[in-house]
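Student: Sending over a structure as structure tokens; questions will come in a sec.
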Ligand code: ZN
């Protein structure tokens with residue numbers, strides 16, 4: 001295994017074992033729930049938006065290592081960012097994990113730890129579940145988000 005792959009694997013395991021921003025956010029907040037039936041991943045994203053900025057974010061749920069690590073990395077990546085920047089980040093992240101864009105086309109920071117998912121098509125939904133759920137929370141949808 002290359003050093004980079006090893007590092008990425010360590011980042012994923014670290015965030016899986018010690019998820020960041022894990023828990024429920026107090027009011028006022030937006031929230032959305034997501035489910036990936038293929039793998040059984042469930043996630044809830046809580047969000048406080050101040051004007052155009054993501055002031056605070058938290059998540060809870062249960063799922064595989066990829067979905068949990070992805071949710072944890074996502075909360076770190078979007079906290080403090082503008083809603084427009086978050087949407088751009090999501091589309092670039094999705095391009096990276098689906099293989100639409102070469103890895104490294106954009107600097108995605110720690111999110112690049114999930115780049116290997118592009119070689120595991122069934123895992124793409126695990127990696128994007130939290131992001132789809134975040135999107136729903138931003139749009140203030142109450143319905144359950146499903147990857148199917
Ligand atoms: Zn999963």
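All of the numbers you see were taken from the coordinates with simple rules; none came from a lab. Please read these numbers as outputs of a predicted model, since none were measured by experiment. Glycine also receives a Cβ, built like all others from the backbone with ideal geometry; neighbour counts cover every protein chain displayed.
Student: At a 10 Å Cβ-Cβ cut-off, how would you order 91, 2, 67, fewest neighbours first? Before the final figure, lay out the partial values.
Tutor: Numbers: 91 13, 2 7, 67 27.
With the sparsest Cβ surroundings first, the list reads 2, 91, 67.
Student: Expressed as a rounded percentage, what relative contact order does the range 1-54 have, with Cα pairs under 8 Å and six or more residues apart? Working shown, then result.
Tutor: On the way: 31 pairs, mean separation 13.4, N = 54.
Result for the range 1-54 is 25 percent.
Student: Now a separate question. So what is the relative contact order for the chain, in percent, with contacts set as C-alpha pairs under 8 Å and at least six apart?
Tutor: Working: 270 pairs, mean separation 46.9, N = 148.
Once divided by the residue count of the chain, the mean separation gives 32 percent.
Student: So what's Rg/Rh here for the range 48-148, counting alpha carbon atoms and using the Kirkwood radius for Rh? If you can, show how the numbers build up before the last one.
Tutor: Details: Rg = 12.9 Å, Rh = 13.8 Å.
Using Cα coordinates only, the ratio equals 0.94.
Student: Tell me, Kirkwood radius of the range 2-93 from alpha-carbon pair distances, in Å? Each step should come with its number before you reach the end.
Tutor: Numbers: mean 1/r = 0.0722 Å⁻¹.
Result for the range 2-93, one decimal place: 13.9 Å.
Student: Going by C-beta contacts inside 10 Å, put 78, 124 in order with the fewest on the left.
Tutor: Numbers: 78 23, 124 18.
So the ranking, lowest neighbour count to highest, is 124, 78.
Student: A follow-up question, please. If you find the alpha carbon centre of the range 21-53 and of the range 70-148, how far apart are they in angstrom?
Tutor: 14 Å
Student: Rank the residues 17, 94 as a footprinting-exposure proxy: fewest other Cβ atoms within 10 Å of their Cβ go first.
Tutor: Details: 17 11, 94 16.
Ranked by crowding around the Cβ, least crowded first: 17, 94.
Student: Sticking with this one: Taking only the Cα atoms of the range 88-127, how large is their convex hull per residue, in Å³?
Tutor: Cα-based convex hull of the range 88-127, divided per residue, equals 59 Å³.
Student: Separate question: Rounded to the nearest 500, what is the 222 nm mean residue ellipticity of the chain from helices alone, with -39500 (n - 2.57) per DSSP H run of 4+ residues and division by all residues?
Tutor: Details: 4 runs with 60 residues, N = 148.
Using -39500 (n - 2.57) per qualifying helix, the result is -13500 deg cm²/dmol.
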